[in-house]
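Visitor: Here you go, one structure.
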């Protein structure tokens, strides 16, 4: 319990830190104060299931199917002059039934969290669309195969509805000022199932030949010739009004918070880039792999569906998220996600406060919902219990408050938006200010000893960039007077505008570059600043002269003769041997950035081998220290 309380505290703190750190950047932060919402736009007309099949409905009769108008709400940033904007389409939850009738408080484009997320995206400069999808199945059936077929068909119709919504937006791109090369579809819960299908289903065999989606007589539950294809085209007009084949219904990226994938076999290298957020305790959609259970009946309708824990690692491995993964995200939300997911990119597992919690991003007014006694469907009031729906929803969203839901929405937006921006090159150009070197001054001279004595170099800080990417990092570089910084003699990283150097590491670097004791290395140094994809070099390059001081102990020339490091290049074993009069006390292996990777002490021998060192291929320095205080450093190549 303490761990889960700590998790929620960290979630809120991450959100606060993100809000505090972020500069105002379109597509990443709220840059518009208000939003223009246009409601109830008909984007498609199609055949839908009559929930009251067999009962007369005014204007619809008693037929099992009727022609229905599908509506959407469009959110746009007020005062925006941009005429080509990415669009985010959101698909709501609800188990393909109206709210309350589905024994939940949610199930429409007007759900509080859908409105909130669309508003947030619009304030960030996107066009956001909250769309309806066709409802329809018999929630009273207790026959597993019947329930499975009805739900699978409902999901399939939902996939077609998304495609037809995209067609409408493409056709009206100038009206809504949409960049049709940047279409992102997100889904919650039931909408997550739909969205995962949009992003992955692209073959007839995936739906007609999959054993999961066959009846007991081995005929497909979904027949393309009857219902049309996954792009919304074709089929029998009685079941599907085909989409315009001249207009593409393709999207370019998906994300889901809740929901799962009918079968991970749908995922291949042609699937859309995807990002997932998922409650690990969700009882209706497995986080890992498991059965899909519908709230209204509690029976299993899909076996072995897969959640974020399966889908996202597979998507990453297939390479479909390579563009998203090209950026290093060091904001607090991404760092928390990496910790929670054990290093899996593009996945945020929510370890929530209560077992069975599924949708902590939802909220509602409990007295208003509890007072509901009927739901109107096609003009007919149907007795329904708002109190029952409220109670059941509280089981999967305990401790529900608007503040809690908005904190989770902060995380959803803060996790998804930077990855959308990376996928579609929406990051504004990173800006780092010009900076100069400060100390030591140009033409500085110093004597360096093999000791812990240290001096500090410093430079002006480079400011700007985008704090959500993390702090500016620096690399101090040293090279010869005639050399270049593409292949420095030595480099060291720093997270502040200073770095400690002139210690034994530099002493050994000088030795490895042929500088004997009391000889002088003449070189130059500078600093490179980096944040995100931006790189800024210091405006200065300072000259420097470093004399390698003498050490008390065995003569260095004799040490060079007395100590051997072999083979060079080396593979699995590095051998070190010395003359009988040299006692080796310690050995260090240092990389070209000055990091000590291996340190062997208290040896008291004149022969030593380092086996299975696990060093990557490259150049290293081997420093051999004698018992009398003298030392020698050799450069070695690992291959």
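Visitor: Can you tell me the FRET efficiency between residue 368 and residue 328 if r is taken as the Cβ-Cβ distance and R0 is 51 Å, rounded to the nearest 0.05?
Guide: For R0 = 51 Å, the calculated efficiency reads 0.65.
Visitor: Which part of region 126-151 falls in the paramagnetic zone of residue 388, meaning amide N under 18 Å from the point 7 Å along Cα-to-beta-carbon?
Guide: 137-143
Visitor: Using r as the Cβ-Cβ distance of residue 144 and residue 539, and R0 as 60 Å, what FRET efficiency do you calculate, to the nearest 0.05?
Guide: Numbers: r = 72 Å, r/R0 = 1.19.
The value I calculate is 0.25.
Visitor: Here is a follow-up. To the nearest 500 deg cm²/dmol, what mean residue ellipticity at 222 nm is calculated for the chain from DSSP H runs of n ≥ 4 alone, each contributing -39,500 (n - 2.57), summed and divided by the residues?
Guide: Values: 14 runs with 158 residues, N = 639.
Mean residue ellipticity, 222 nm, calculated: -7500 deg cm²/dmol.
Visitor: Would you mind estimating how fast region 556-638 diffuses translationally, via Stokes-Einstein at 25 °C and 0.890 mPa s with the Kirkwood radius over Cα pairs, in µm²/s?
Guide: Using the Kirkwood radius from Cα pairs, D works out to 194 µm²/s.
Visitor: Can I ask one more? Taking each pair of different alpha-carbon atoms in region 98-137 once, compute 1/r for the pair, average those values, and report the inverse of that mean as the Kirkwood hydrodynamic radius in Å to one decimal. Kindly include the intermediate steps, with their values, before the conclusion.
Guide: Values: mean 1/r = 0.0888 Å⁻¹.
For region 98-137, inverting the mean 1/r across all distinct Cα pairs yields 11.3 Å.
Visitor: How many nm separate the modelled label positions at residue 270 and residue 444, each set 7 Å beyond the Cα in the direction of the Cβ?
Guide: 6.0 nm
Visitor: How big is the equivalent ellipsoid of region 437-548 along its three axes, where each semi-axis is √(5λ) from the Cα gyration tensor, reported in whole Å from largest to smallest?
Guide: 27, 14, 12
Visitor: Given labels modelled 7 Å from the Cα in the Cβ direction, how far is it in nm from residue 110 to residue 516?
Guide: Modelled inter-label distance: 9.0 nm.
Visitor: At 0.890 mPa s and 25 °C, plugging the Kirkwood radius over alpha-carbon pairs of region 51-130 into Stokes-Einstein gives what diffusion coefficient in µm²/s?
Guide: Stokes-Einstein gives a translational diffusion coefficient of 165 µm²/s.
Visitor: So what is the orientation-averaged projected area of region 96-204, using the convex hull of its C-alpha atoms, in nm²? Intermediate values should be presented prior to the final figure.
Guide: Numbers: hull surface 31.7 nm².
For region 96-204, averaging the hull's shadow over all directions gives 7.9 nm².
Visitor: Using only the alpha-carbon atoms of the chain as identical scatterers, what base-10 log of I(q)/I(0) does the Debye formula give at q = 0.06, 0.10, 0.11, 0.12 Å⁻¹?
Guide: Evaluating at q = 0.06, 0.10, 0.11, 0.12 Å⁻¹ gives log10 I(q)/I(0) of -0.46, -0.91, -1.02, -1.14.
Visitor: Same structure again: Diagonalise the Cα gyration tensor of region 478-518 and give the resulting equivalent ellipsoid semi-axes, square root of 5 times each eigenvalue, largest first, whole Å. Don't jump to the answer; show the numbers that get you there.
Guide: Values: eigenvalues 76, 46, 10 Å².
For region 478-518, the semi-axes come out at 19, 15, 7 Å.
Visitor: Give the separation of the Cα centroids, region 143-177 to region 344-382, in Å.
Guide: 22 Å
Visitor: If you split all Cα-Cα distances of region 503-603 into 5 Å bins from zero, what percentages do you get per bin, shortest first?
Guide: For region 503-603, the binned pair fractions read 2, 8, 15, 19, 20, 13, 9, 7, 5, 2, 0 percent.
Visitor: Next question. Compute the FRET efficiency between residue 482 and residue 31 as 1/(1 + (r/R0)^6), taking r as their Cβ-Cβ distance and R0 = 60 Å, and round to the nearest 0.05.
Guide: Approximately 0.75, to the nearest 0.05.
Visitor: Report relative contact order for the chain in percent, whole number only (criteria: Cα-Cα under 8 Å, sequence separation at least 6). Each step should come with its number before you reach the end.
Guide: Working: 1475 pairs, mean separation 66.3, N = 639.
Once divided by the residue count of the chain, the mean separation gives 10 percent.
Visitor: Compactness ratio of region 334-397: Cα Rg over 2.2 N^0.38 Å, N = residue count?
Guide: Details: Rg = 17.6 Å, N = 64, 2.2 N^0.38 = 10.7 Å.
Scaled against compact globular proteins, the figure is 1.65.
Visitor: I've got another one for you. Once Rh is set to the Kirkwood radius over Cα pairs, what Stokes-Einstein translational diffusion coefficient, in µm²/s, holds for region 323-434 at a temperature of 10 °C and a viscosity of 1.306 mPa s?
Guide: The estimated diffusion coefficient comes to 92 µm²/s.
Visitor: For a quick check: sort 132, 149 by the number of other beta carbons within 10 angstrom, fewest at the front.
Guide: Listed from fewest to most nearby Cβ atoms, that is 149, 132.
Visitor: While we're looking at this one, here's another question. What nm distance separates the two modelled labels at residue 41 and residue 175, each placed 7 Å from Cα along Cα→Cβ?
Guide: The two pseudo-label positions are separated by 0.6 nm.
Visitor: What is the distance in Å between the Cα centres of region 24-91 and region 497-512?
Guide: Answer, in whole Å: 63.
Visitor: Further, regarding this structure: How would you rank 250-262, 271-283, highest first, on the average number of other Cβ atoms within 10 Å across their residues?
Guide: 250-262, 271-283
Visitor: Another question about this same structure. Can you tell me the length gained on complete extension of the stretch residue 597 to residue 289, counting 0.36 nm per residue apart and subtracting the Cα distance?
Guide: Length difference between fully extended and current span is 106.8 nm.
Visitor: Once every Cα of region 385-463 carries one equal point scatterer and solvent is ignored, give the base-10 log of I(q)/I(0) from the Debye formula at q = 0.14, 0.24 Å⁻¹, two decimals.
Guide: -0.79, -1.14
Visitor: Based on the mean of other Cβ atoms within 10 Å per residue, sort peptides 155-162, 184-191 so the most packed one is first.
Guide: Answer by packing, highest mean first, reads 184-191, 155-162.
Visitor: Going 7 Å from the Cα of residue 217 along its beta-carbon direction, which residues of region 142-165 have the amide nitrogen within less than 18 Å of the resulting point?
Guide: 144-150
Visitor: Can you give the Kirkwood hydrodynamic radius of region 188-337 from its Cα pairs, in Å with one decimal?
Guide: Over region 188-337, the inverse of the mean reciprocal pair distance is 16.7 Å.
Visitor: Right, here's the next one. Taking all pairs of different Cα atoms in region 170-262, averaging 1/r and flipping that mean, what Kirkwood radius in angstroms comes out?
Guide: Kirkwood hydrodynamic radius for region 170-262: 14.9 Å.
Only the coordinates and a few stated rules stand behind these numbers; no lab work does. If you're wondering where the values come from, they're calculated on a predicted model, not measured in any experiment. Methodologically, a virtual Cβ is constructed for each residue, glycine included, from the backbone with ideal geometry; neighbour enumeration extends over all protein chains shown.
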